[in-house]
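Quick notes on the structure that follows.
The values are calculated or read from the model by the stated rules, or taken from the named source; none is laboratory data. Fair warning: this is a prediction, and the values are worked out from it, not measured in the lab. Neighbour counts are summed over all protein chains in view; Cβ atoms, including those assigned to glycine, are modelled from backbone coordinates with ideal geometry.
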Amino acid sequence: MTNFDVAIIGAGPAGYVAAIRLAQLGRRVVIIEAARVGGVCLNRGCIPVKALLHSASIIRNAAEARVMGISFPPPAIDIVSLGSWKARIVERLARGIEFLFKSNGVELIRGRAQILSPTRIKVAGAEETEIAARIVVVATGSEPAVLPGLVVDHRQVIDSNSALNLVELPRTLVVIGAGAVGLEFATIFNRLGVKVTVLEVCDQILPGIDSEIAGLLQRQMEQEGIEFKLGVKGVSCQPAVNTPEAKVCWEERNEQLTMGADKVLVAVGRKPMSENLGLLELGIKLNAQGFILTDGWFETNVRGIYAIGDVRGGMLLAHKAMHEGLMLAENLGKEKRAGGLQVPAIPMVVYTDPEFAAVGLSADQAEKQGIKVRVSRVPLTALGRPLTLGRAQGLCKVVAEEKSYRILGVSILAPQADVLIAEAAVAVELGLTAEQLGRVVHPHPTMSELLFEASQAVLGSAIHILNR
């Protein structure tokens, strides 16, 4: 039996970052992975989806160029070649992680892990083996959730994993779920020429975000040809019989409705991969959804066993998982600070066009906490740069504490929102005020001026909009 300081189960964003950092700190680390390193984000999520979104944006840009006096012939889409290009990107990044493991002395074992005790793990791979470790870290991530009545067969009813591997484009697609995953896939397939309809149980897309921004994004996606049906209930799917189309059924305003579709994409969230690890046998506590419960230091109720990333719940984001991997690595073996690790300002991004990004509190969330706030609202039409990009529809909102003007949250619907939100995250994390951010010189003409103008608007000092 081989002995290690730390054994990590799962080589996704949380696991591989923790493994490399622990090795840099001098720990002997083994990481166990049943599939390809990189986890869902690299292999079936963030990276391949964003690659396809980039290709889809080229199609839209070509269509919009006619307004500028530039014309291109209609695009010819080779979905197999597109998939191969995407796969090469994933392969390159996965090999990069394996190289970093080898360079830092992290041992990689391929197989399925089962925790036998707080210090022993059985691995079923090409051959069965056991390893011993002083500390065990569970970083197994999450997988697509399912709904009753919607059995994913990966042929007609697909999930986000199988949607990435289609070798033929459907003529019609129904997306069930208007969260980040559903909207990103709706954007991709719509621009590839597929007729897309999105069903959502809530009364707005991206449930939980600022309703004004959600409505603005929905209108822009509708202008591109995506159809939305909100407030639906009882969604189910009947497989095709003597027809190429499956039948999607749902209830809307007390009326039973049906629609045919070549493919049905189920995008209703994610669930933790916490089964078949031996957690329940060891008495490790899970919540009702199966996420592992931990303290502020990521330790479970069983001493010596930790959990990081999606499998412990919260915001299921790769950058959050990476942060947890770093924090765990840098604090293992050190004296724990009272109260555990502080939760940072974690930004989120939805890669629609325009992109939506947010960090911190919305106005509604702040008010529910009893915080009185000031909210600025700056449309993209106040800036020059969005007009030069042909993207003048969008909005930035800054939420600041009423008396101190401390920035509590920012929401952005705009091109490059994924980049802009990083500055907002710094402001929220460090407790900067609108006055402090508004003193920083931002280059012109750039999208970064949006946050500058919104900070000035909180103070009633904006130049390019009417202050109210």
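Can you confirm whether the stretch 418-439 contains a residue that is in the same structural domain as Thr352 (by TED's automatic domain parsing), without any contact (Cβ under 8 Å) to a residue 24 or more places away in the chain and touching a Phe, Trp or Tyr at 6+ places or on another chain (Cβ under 7 Å)? Yes, the conditions are met somewhere in the stretch 418-439.
Residues that are touching a helix residue (DSSP H, G or I) at 6+ places or on another chain (Cβ under 7 Å), of a type outside the set (S, T, N, Q) and either under 15 Å from Gly193 (Cα atoms) or in the same structural domain as Val194 (by TED's automatic domain parsing) (or both) within the stretch 47-67 comprise Leu52, Leu53, Ala56, Ile59, Arg60, listed in sequence order.
Number of residues in the stretch 109-143 that are assigned to a loop (DSSP other than H, G, I, E, B) and closer than 12 Å to Gly10 by Cα: the value is 4.
Mind checking which residues of the stretch 48-81 are among the polar types (S, T, N, Q) and part of a loop (DSSP other than H, G, I, E, B)?
Let us first name the residues in the stretch 48-81 that are among the polar types (S, T, N, Q), namely 55, 57, 61, 71, 81.
Selection gives Ser71 alone.
For the stretch 391-441, the tally of residues that are under 20 Å from Thr381 (Cα atoms), assigned to a loop (DSSP other than H, G, I, E, B) and not hydrophobic (A, V, I, L, M, F, W, C) stands at 5. For the stretch 106-149, the set of residues classified as over 30 Å from the mean Cα position of the chain (by Cα), closer than 13 Å to Ile32 by Cβ and of a type in the set (Asp, Glu) consists of Glu128, Glu130, listed by residue number. Close Cβ contacts (under 7 Å, 6 or more residues apart or on different chains) running from residues in the stretch 87-111 that are within 23 Å of Ile131 (Cα to Cα) to residues that are among the β-branched types (Val, Ile, Thr) and in a helix (DSSP H, G or I) comprise Leu100/Ile20; Asn104/Ile20; Val106/Ile20. Among residues of the stretch 299-325 that are closer than 20 Å to Ala422 by Cα and touching a residue at least 60 places away in the same chain (Cβ under 8 Å), those with a Cβ under 8 angstrom from a residue that is part of a loop (DSSP other than H, G, I, E, B) and not hydrophobic (A, V, I, L, M, F, W, C), sequence gap 6+ or separate chain, pair up as Ala318/Gly12; Ala318/Gly45; His319/Pro347; Ala321/Gly12; Ala321/Gly141. Filtered by the rule that a residue be part of a loop (DSSP other than H, G, I, E, B), of a type outside the set (Gly, Ala, Ser) and farther than 16 Å from Glu184 by Cα, the stretch 144-165 gives Val146, Pro148, Val151, Val152, Asp153, His154, Arg155, Gln156.
Quick check, is Val90 of a type outside the set (Phe, Trp, Tyr), assigned by TED's automatic domain parsing to the domain that holds Leu25, part of a helix (DSSP H, G or I) and exposed (fewer than 15 other Cβ atoms within 10 Å of the Cβ)?
Details: of a type outside the set (Phe, Trp, Tyr): yes; assigned by TED's automatic domain parsing to the domain that holds Leu25: yes; part of a helix (DSSP H, G or I): yes; exposed (fewer than 15 other Cβ atoms within 10 Å of the Cβ): no.
Judged against the criteria, Val90 is not a match.
One residue stands out in the stretch 144-184 among those that are among the β-branched types (Val, Ile, Thr) and buried (at least 21 other Cβ atoms within 10 Å of the Cβ): the one that is farthest from Gly260 (Cα to Cα), namely Val181.
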